[in-house]
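To keep things clear, I will list the structure first and then write my remarks on it.
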Amino acid sequence: MNTKQSASRWMRLREVLFTTFLGWIPSIALGAKLRNVLYRTIFARIGSSVYIQNGVEFLGTSCIEISDRVHIFKNVRLDGKGHENNKISLGEGVALERGVEIGALENTSIHIDENTYIAPYVCIAGPGNIKIGKHCMIASHSGIYANNHNFADLTVLIREQAVTRKGIIIEDNCWLGHGVTVLDGVTIGQGSVIGAGSVVSKDIPAFSVAVGVPAKVIRDRQAVLDNNSRLDIKLSAALAQIEKTAELSYAQTGNDIVSPHFVLENLLSVLLDCIRQVMNVDTITILLPTKNGQQLAVCATIGLEEEIVEAVRIPIGQGFAGHIAASGEQMIVDDLSKVEVVSPILRNRGIQSMIGVPLLLKEGASGVFHVGTFRQCEFTKDDVQRLQLVGDRIGSAIEPFVTEILETSQSK
C-alpha cells in the first residue's frame with residue numbers, strides 16, 4: 001500500500017469516527033460546540049459561528065467547505081466522496097433545512113452562495129457542476145439534477161449507458177416554489193421566480209416569472225421597473241427595508257427573539273401605508289389562505305380593519321378575492337356594484353373600484369393583494385403591474401414565515 005492510499009484510508013477512518021460519535025450528540029450547546037471545533041480537523045474548511053445540528057450525515061468531508069454563519073439542521077446529508085476533485089462549498093449565511101440532500105458524485109463542484117435558504121427535503125445532485133447564487137430561496141421538495149441518462153441504445157440497460165453533465169446555474173435572488181424540478185443544462189436568470197410544481201428544462205431569462213411543465217415565462221418583472229421606474233423612490237425604499245428586516249428577523253427566529261407577528265403587524269403596516277399614498281388609494285389589504293387552504297383571511301390591512309375584527313373568511317373561488325386566489329389571475333374592477341363580493345364590509349365601506357393580484361407563497365399556496373378606492377376609478381395595466389411587482393416582493397420578504405403566518409391567519 002502506497003503513502004497516498006494510507007493517508008486516504010486514515011482520513012476516511014477519522015471522518016467515520018468523528019461524524020459517528022460527534023454527529024449524534026444532542027444539539028445542546030455542548031454538542032454544537034464540539035462539532036464546530038473538532039470537525040475542523042477533517043473538513044476542507046469550517047468558518048466561524050457555524051451551527052451543525054445533531055443527526056447530520058457527512059461523506060467526503062475533505063471536499064466540503066463551510067463558510068461563516070452557516071446553519072445545517074437535522075437529517076441533512078452532504079456527500080462529497082467519489083473523486084478527489086469534488087467540492088461542495090456553502091457560502092456565508094447559507095441555511096440547509098432538515099432532510100436536504102446534496103451529492104457531488106464524480107468530479108463535481110456544487111457551490112451555494114451567501115444567504116441562500118434551502119427548505120426541507122430539497123435534493124441537489126451532480127455529476128454536472130451546480131452554482132446557486134446569493135439570496136436565493138429554494139422551497140421544499142424541489143430537485144436540482146445536473147445529469148441526464150442516455151437511453152438511445154435499446155440493447156443496453158439505461159443505467160449502463162452514458163450520462164450527460166452540462167451543469168446548472170441559478171443566479172442571484174431567485175425563488176423556486178414548492179416542488180420545482182430543475183434539469184441539466186439550465187440557467188435561471190437573476191431575480192426570477194419559478195412557480196410551484198414547475199419543471200425547468202430550458203433557460204429562464206433574468207427577472208422572469210415562469211410556471212408550468214415545462215416551465216414557460218408568463219411575466220417580465222424587469223419590464224415594470226424599466227418603464228420610467230414606476231415604483232416611487234419612497235415605496236422602493238420601504239420595500240427594501242421590509243426585506244432587510246425580514247431577513248434579519250428570520251436569522252434570529254431560532255433564538256425566539258423576533259416573531260412572525262412582529263414582521264407582519266409592525267413592518268407591513270408601515271409598508272401598506274406607503275403604498276396607499278403612492279398609489280392614491282383608500283384601502284389596501286393582504287389576504288392569506290387559512291391553514292386548511294379552503295378560505296382566505298385578512299392578515300394586514302389599512303381601511304378594512306373590520307374584516308379582521310369580525311374574522312371574515314372568503315371561500316377560495318368565490319367573490320373578488322376568492323376568484324383571484326383560485327385562478328392566479330390579476331383583476332381590475334371599475335364598478336364594484338357589478339361584481340360578486342363575499343364580504344359585505346366592502347360595500348358598507350363604499351368601495352367603488354379595486355385592483356387585485358395573486359400573492360405567491362411557498363408550499364404552492366396563493367394569497368391575494370388588493371387595493372380599493374371610495375371614488376370610481378379607471379385603473380390601468382400599469383397600476384396592475386406596479387401592484388404585482390410590490391406583491392412579488394412582499395411574498396419574497398415574508399416567505400420564511402409563511403407556515404406560521406398561515407396558522408396565525410386561521411386563529412384570528
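Quick look at the values:
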| read-out | value |
| --- | --- |
| The lone exception for residue 355 - which of (1) more than 17 Å from residue 326 (Cβ to Cβ); (2) surrounded by 22 or more Cβ atoms within 10 Å (Cβ to Cβ); (3) in contact (Cβ under 8 Å) with a residue 60 or more places away in the chain it fails | (3) |
| Residues being of a type in the set (A, V, I, L, M, F, W, C) and surrounded by fewer than 21 Cβ atoms within 10 Å (Cβ to Cβ) - total across the stretch 57-69 | 1 |
| Residue check, residue 134 within 13 Å of the chain's Cα centre (by Cα) and either charged (D, E, K, R) or assigned by TED's automatic domain parsing to the domain that holds residue 367 (or both) | yes |
| Subset of the stretch 303-354 (residues that are under 22 Å from residue 279 (Cα atoms), of a type outside the set (Asp, Glu) and under 33 Å from the mean Cα position of the chain (by Cα)) | 303, 304, 320, 321, 324, 330, 331, 332, 333, 346, 353, 354 |
| Residue that is farthest from residue 376 (Cα to Cα) [pool: residues in the stretch 275-288 that are of a type in the set (A, V, I, L, M, F, W, C) and crowded, with 21+ Cβ neighbours inside 10 Å] | 288 |
| Residue satisfying all of: in the stretch 156-178; touching a helix residue (DSSP H, G or I) at 6+ places or on another chain (Cβ under 7 Å) and part of a loop (DSSP other than H, G, I, E, B); surrounded by the fewest Cβ atoms within 10 Å (Cβ to Cβ) among these | 178 |
| Selection from the stretch 35-59 of residues that are among the basic types (Lys, Arg) and modelled with pLDDT under 80 | 35, 40 |
| Top-ranked residue in the stretch 115-155 [being assigned to a loop (DSSP other than H, G, I, E, B) and among the aromatic types (Phe, Trp, Tyr); ranked as surrounded by the fewest Cβ atoms within 10 Å (Cβ to Cβ)] | 151 |
| So residue 294, is it surrounded by fewer than 18 Cβ atoms within 10 Å (Cβ to Cβ), polar (S, T, N, Q) and at pLDDT 90 or above | no |
| Residue count for the stretch 52-78, restricted to those that are assigned to a strand (DSSP E or B) and under 22 Å from residue 134 (Cα atoms) | 8 |
| Qualifying residue in the stretch 179-187 (condition: under 19 Å from residue 113 (Cα atoms), of a type in the set (A, V, I, L, M) and within 14 Å of the chain's Cα centre (by Cα)) | no |
| Which listed residue, of 189, 185, 179, is in contact with a strand residue (DSSP E or B) (Cβ under 8 Å, 6 or more places away or on another chain) and over 22 Å from residue 108 (Cβ atoms) | 189 |
| Options 88, 64, 52: the member that is of a type outside the set (S, T, N, Q) and touching a Phe, Trp or Tyr at 6+ places or on another chain (Cβ under 6 Å) | 64 |
| Cβ pairs under 7 Å, 6+ apart, first in the stretch 65-87 and more than 22 Å from residue 121 (Cα to Cα), second of a type in the set (A, V, I, L, M, F, W, C) | 82/104; 82/105; 86/63; 86/104 |
| Residue in the stretch 96-107 that is surrounded by the most Cβ atoms within 10 Å (Cβ to Cβ), counting only those that are on the phi < 0 side of the Ramachandran plot, of a type outside the set (A, V, I, L, M, F, W, C) and at pLDDT 90 or above | 103 |
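A quick yes/no check of all residues on (1) in contact with a helix residue (DSSP H, G or I) (Cβ under 9 Å, 6 or more places away or on another chain); (2) within 21 Å of residue 220 (Cβ to Cβ); (3) buried (at least 19 other Cβ atoms within 10 Å of the Cβ):
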site	(1), (2), (3)
317	yes, no, no
326	no, no, no
338	no, no, no
347	yes, no, no
351	yes, no, yes
372	yes, no, yes
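The values are calculated or read from the model by the stated rules, or taken from the named source; none is laboratory data. Only a predicted model underlies this, so the values are computations on that prediction, with no experimental measurement involved. Here the Cβ is made from the backbone with ideal geometry for all residues, glycine too, and neighbour counts use every protein chain on show.
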